[in-house]
Each structure stands twice: as structure tokens, then as C-alpha cells.
1. Given the criteria outside any strand (DSSP E or B), more than 29 Å from residue 6 (Cβ to Cβ) and in contact with a helix residue (DSSP H, G or I) (Cβ under 9 Å, 6 or more places away or on another chain), does residue 92 qualify?
2. Only one of (1) touching a helix residue (DSSP H, G or I) at 6+ places or on another chain (Cβ under 8 Å); (2) crowded, with 19+ Cβ neighbours inside 10 Å is not met by residue 110, so which one is it?
3. Surrounded by fewer than 16 Cβ atoms within 10 Å (Cβ to Cβ) and in contact with a strand residue (DSSP E or B) (Cβ under 9 Å, 6 or more places away or on another chain): which single residue out of 84, 115, 44 fits that description?
4. Being assigned to a loop (DSSP other than H, G, I, E, B), more than 19 Å from residue 59 (Cα to Cα) and over 26 Å from the mean Cα position of the chain (by Cα) is the filter here, so list the residues in the range 105-150 that pass it.
5. Can you find a residue in the range 74-81 that is under 35 Å from the mean Cα position of the chain (by Cα), at pLDDT below 95 and outside any loop (DSSP other than H, G, I, E, B)?
6. Could you go through the range 38-56 and let me know if any residue there is in a loop (DSSP other than H, G, I, E, B), closer than 22 Å to residue 126 by Cα, modelled with pLDDT of 95 or more and touching a helix residue (DSSP H, G or I) at 6+ places or on another chain (Cβ under 9 Å).
7. Would you tally the residues in the range 25-37 being surrounded by fewer than 16 Cβ atoms within 10 Å (Cβ to Cβ) and in contact with a helix residue (DSSP H, G or I) (Cβ under 8 Å, 6 or more places away or on another chain)?
């Protein structure tokens, strides 16, 4: 199960990295409801988020979240204590707003390139639904005593499809205005070179006939000539 969950989180965050420009370390924006659920289920947020996302991450919250927990009081003191340990992300709200309004605002702002991008970690169903409709926002919650990273919402997928269509339209307009670029001339591929005739050694002809002749001559018995007393020469083998 751990391997499947790790693969799932890697696949989801790869989608947001390539389609919406998310970069490591990931900023995980946490509210009081998430901290309260983690406390109830005895989940160490810092440890489990690091294991689940695999890649480097930073846990952050906002002054609006802390103020909301502080107002509620003793009932959520544990959640306030946990949340107070995280880095406080900048939010423009003065006076402070509710945690849901604050996180929703930062989620919308994160769609612009110059603003930091966030993974929203919350148990607030209404906030989760708002973020799904915004699109391009990774959503994390605690279900069945474990961290869950939601698959990309329909809005997120639609935005990526629209972006691909717009790129195709721009390319088509460029072709109409500038014309299709000339295709570079293909170089003719030269076939394999044959051997250099000058560098080739001439084949030596086998002198079969000469060898046979030599062997036949050796086999022949030489004849000697002897003279008899009468002076006539006799052939003696």
C-alpha cells in the first residue's frame, strides 16, 4: 500500500509540476481543521507529509488561520499548538478573515506566475470544493487515518486541454501569416564505398602446370651413354 500511495502522490504532483509550474520544495498550506484531524488520528504532519510527497516540502499556515484557532479557544488548543509551529505565509488580509476565505484567496492568487503556489491541506469540504472549481490546486486531506492527495479535478484537466488547443491555434496562425517554413534539403546518403583498386593485391595464379612438369621430369630416369670397345656408343639405362 505504501508503494502505491507513493506512486500516486508522485504521479499527481508530476501533473501539477508540468502543467501548472509547481516546483520543489512544495508549499503545503495547512489550516486548523487539518491539524485537528491529525491530532485526533495521531498523525505527525511533518513526518508523514515528507514521506508521502517524497520530494522536499515546507509546511506553512497564515495569520488568519492562527487567529481563528485562537478565538475558538481551549477546544482546539492542540491544533493551535501544532499549527503555530509552521512557517507563516504572507496574506494581505487586514483585518483578518476566516481561515477558509484566506486559503481560498491564496489559492486563486497562486494561479498567477509571480505568486507562490500551494498544496491546500484541509478537512473543510466547502473549501475543498471551491479549490476544485478554481483548478490547478493540489488538495490534501486526511481520510481513513492517512494522508490523501486528490487526483486533479475536472477543472484542472480542462485547463490543460484548453492550453494545448490554444498552442495549436497560435501555431496555425503563424503558418497562415508567415507561411510554412521550407523543409531543409535532405542529403543523399552515400552507399558503402568499395575497396580501392590500387590498394588491392593482385591475385597470384596457381602454376599448376609448371609444378606437374617438374615432378614428371624428376620421375624420368636419366640415360647414360657408354662406349664399347668398338667405339660405338651404347645407351644404358
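The values are calculated or read from the model by the stated rules, or taken from the named source; none is laboratory data. What you see is a predicted model; the values in this text were computed from it and never measured. For neighbour counting, all protein chains shown are included, and Cβ atoms are generated from backbone atoms with ideal geometry for every residue, glycine included.
1. The answer is yes for residue 92.
2. It fails just one condition, (1).
3. Residue meeting the stated conditions: 84.
4. Across the range 105-150, the qualifying residues are 144, 145.
5. No, there is no match, as no residue in the range 74-81 is under 35 Å from the mean Cα position of the chain (by Cα), at pLDDT below 95 and outside any loop (DSSP other than H, G, I, E, B).
6. no
7. Within the range 25-37, residues that are surrounded by fewer than 16 Cβ atoms within 10 Å (Cβ to Cβ) and in contact with a helix residue (DSSP H, G or I) (Cβ under 8 Å, 6 or more places away or on another chain) number 0.
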